[in-house]
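I have placed the structure first, in the form of structure tokens, so that the comments after it can refer back to it.
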Amino acid sequence: MKKIFIAPFIFLVRFYQLVISPLTPASCRYSPTCSQYTLEALKKHGLFKGGWLALKRIFSCHPWGGKGYDPVP
């Protein structure tokens, strides 16, 4: 059941990774990248907790935010 709810969001992230991301310069300050982190968080924690973790990560990815290795908890 969890896979049904997260499928559209995984599709959107994969679309971003395959179509949009190659057209923009690499700018993610983290490893794994924010989009890969989002996929892992959604698959591991589901839509609500995984989505929250992904949003926190994306909003911290700026010049004054964190950087480095940051795996999904």
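The values are calculated or read from the model by the stated rules, or taken from the named source; none is laboratory data. Computed from a predicted model, the values in this text were never measured in an experiment. Neighbour counts are summed over all protein chains in view; Cβ atoms, including those assigned to glycine, are modelled from backbone coordinates with ideal geometry. Keep in mind that these areas ignore ligands, DNA and RNA; they rest on the heavy atoms of the full protein, side chains included. Shrake-Rupley method; radii C 1.70, N 1.55, O 1.52, S 1.80 Å.
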Per principal axis, largest first, the Cα atoms of the range 1-41 extend in Å by 36, 20, 8
Using the Karplus curve 6.51 cos²θ - 1.76 cosθ + 1.60 with θ = phi - 60°, work out ³J(HN,Hα) for each residue of the range 19-30 in order, rounded to whole Hz, and write x for Gly and Pro. 10, 8, 4, x, 8, 10, x, 5, 9, 6, 8, 10
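Calculate what fraction, in whole %, of the accessible area of the range 1-64 sits on carbon and sulfur atoms when a 1.4 Å probe is rolled over the protein chains.
Values: 3360 of 4650 Å².
That share works out to 72 percent.
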Rounded to the nearest 10 degrees, what's the angle between the helix 34-60 long axis and the longest principal axis of the chain, both from Cα atoms, 0 to 90? 20
Helix 2-15 axis, angle to the chain major axis (alpha carbon atoms, nearest 10°): 30
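Where only protein heavy atoms count, and the probe is 1.4 Å, what is the accessible area per residue for the chain in Å²?
Each residue of the chain exposes 72 Å² on average to a 1.4 Å probe.
Given the convex hull of the Cα atoms of the chain, what is a quarter of its surface area in nm²?
On the way: hull surface 18.8 nm².
Result: a mean projected hull area of 4.7 nm².
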Per DSSP, the loop-located trypsin sites (Lys or Arg not before Pro) within the chain having at most 14 other beta carbons within 10 Å are Lys67
